[in-house]
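Novice: Take a look at this one; I'll ask things after.
What follows is calculated from the coordinates using simple rules that are stated; it is not laboratory data. Computed from a prediction, not measured in an experiment: that's the story for all the values here. Cβ atoms come from the backbone with ideal geometry, glycine included; neighbour counts cover every protein chain shown.
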Amino acid sequence: MVRWFLFFLSVAALSSCASTAGDSKSRAELHMTIGNSHFEKGNYPYALQELLKAEKLDPQNPLIQNNLGLIYYMRERYDLAEKHIRRAIQLEPKFSDAKNNLARILIDVKKYDESERLLQQALDDLTYAGGDRAWFNMGYLKFSQEQWGPAKNAFEQSLKLIRDSCLTNNYYGRTLFELKDYKAAALNLDKAVGFCQKQLFDEPHYYSALAWYRAGDPAKSKARFKEIISLYPDGKFREKARAMLQLLEKGVK
């Protein structure tokens, strides 16, 4: 699941004028650029190798610390991820991207209060261009705490900024499902299906099927379960979909 949240973390990039600070800094920036390229392609071991070289050359660079933290996050080393991104914020206290990234990590380790404070700081920064990510993370924070109303509001704010997000539409639909607004949940999860299918992310398909069943449309529910089996042979929800389809075909409620 972790890799899907890559889209709501932010790899820091260098400005084109940063290479004038000296040879070691220039070499560090080159390694960081190569590392970022590997990161975006999902080549995390190679990305880590390059970022560690960059850190050795320029240990006080907050962008390098931020990106190291993200690599460790994607490798599910949350302790090291938290350490490096905290260091990035210490080096650059107004680094809103790093605050947003750290907030996301803290949700996973259930440090909810600090996560919310960091997200609010990022959202209060009117110069921050990642508002859609910060609102998504706020929604995910509230979703993780089963605070469905605040989660719904936060996801709606994110969708105002980016309408075609796979994850935001998925979690917005799931939140509506938890609020028992099953028809609206089904419709929004169907939107998520369209955005997520090319990424082979089957979660919205599964919850769409459940939502259509709860909304009183077993035919659409069956169709969605069948799609999961045919479209996602290695999907997380394939076996659950098969079991649910068998129950529906037996007429079990």
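Novice: How far is helix 44-57 tilted off the main Cα axis of the chain, in degrees rounded to 10, range 0 to 90?
Specialist: That helix lies at roughly 20 degrees to the long axis.
Novice: Tell me which aspartates and glutamates have Cα within less than 19 Å of K152's Cα, excluding those fewer than 8 residues away on the same chain?
Specialist: D113, E116, D132, D164, E178, D181, D190, E203
Novice: Over the C-alpha atoms of the chain, what are the Rg and the largest Cα-to-Cα span, Dmax, in Å?
Specialist: 20.4, 72
Novice: Give a residue-ordered list of calculated ³J(HN,Hα) values for region 64-70 (Karplus: 6.51 cos²θ - 1.76 cosθ + 1.60, θ = phi - 60°; whole Hz; x for Gly, Pro).
Specialist: 5, 4, 4, 6, 4, x, 5
Novice: Distance from the Cα centre of region 75-99 to that of region 148-226, in angstrom?
Specialist: 31
Novice: Another question, if that's okay. Report, as a whole number in µm² per second, the diffusion coefficient that Stokes-Einstein gives for region 36-170 at 25 °C and 0.890 mPa s using the Kirkwood radius over alpha carbon pairs.
Specialist: Details: Rh = 15.3 Å.
Once the numbers are plugged in, D ends up at 161 µm²/s.
Novice: Would you work out if region 166-253 is rounded, prolate or oblate? Take a ≥ b ≥ c from the square roots of the eigenvalues of the alpha-carbon gyration tensor; rounded if a/c is under 1.5, else prolate when a/b is larger than b/c, oblate otherwise. Walk me through the intermediate numbers first.
Specialist: Details: a/c = 2.08, a/b = 1.09, b/c = 1.92.
The shape class here is oblate.
Novice: Would you mind checking K83/K142; K53/K198; K183/K240; K183/K250; K56/K110; K41/K222 for any pair whose Cα atoms are more than 26 angstrom apart?
Specialist: Details: K83/K142 24 Å; K53/K198 34 Å; K183/K240 22 Å; K183/K250 24 Å; K56/K110 31 Å; K41/K222 35 Å.
Violating the 26 Å Cα-Cα cut-off are K53/K198; K56/K110; K41/K222.
Novice: Working from Cα positions, state the angle (0 to 90°, nearest 10) between the long axis of helix 166-178 and the longest principal axis of the chain.
Specialist: The answer is roughly 50 degrees.
Novice: Another question, if that's okay. Arranged from highest to lowest average of other beta-carbon atoms within 10 Å per residue, in what order do the peptides 33-45, 200-212 appear? Mind showing how you got there, number by number?
Specialist: Working: 33-45: 15.9, 200-212: 23.9.
Top of the packing list down: 200-212, 33-45.
Novice: In degrees from 0 to 90, rounded to the nearest 10, what is the angle of the helix 112-124 Cα long axis to the longest principal axis of the chain?
Specialist: Helix 112-124 sits at roughly 70 degrees to that axis.
Novice: Here's a follow-up. Highest mean first, what order results for 55-67, 144-156 on Cβ atoms within 10 Å? Spell out each step's value before the answer.
Specialist: Numbers: 55-67: 21.7, 144-156: 17.4.
In descending order of packing, they fall as 55-67, 144-156.
Novice: Multiplying the sequence separation of Y112 and D79 by 0.36 nm and subtracting their Cα-Cα distance, what value in nm do you get? Before the final figure, lay out the partial values.
Specialist: On the way: separation 33, 0.36 × 33 = 11.88 nm, distance 1.58 nm.
Extra length from Y112 to D79 when fully extended: 10.3 nm.
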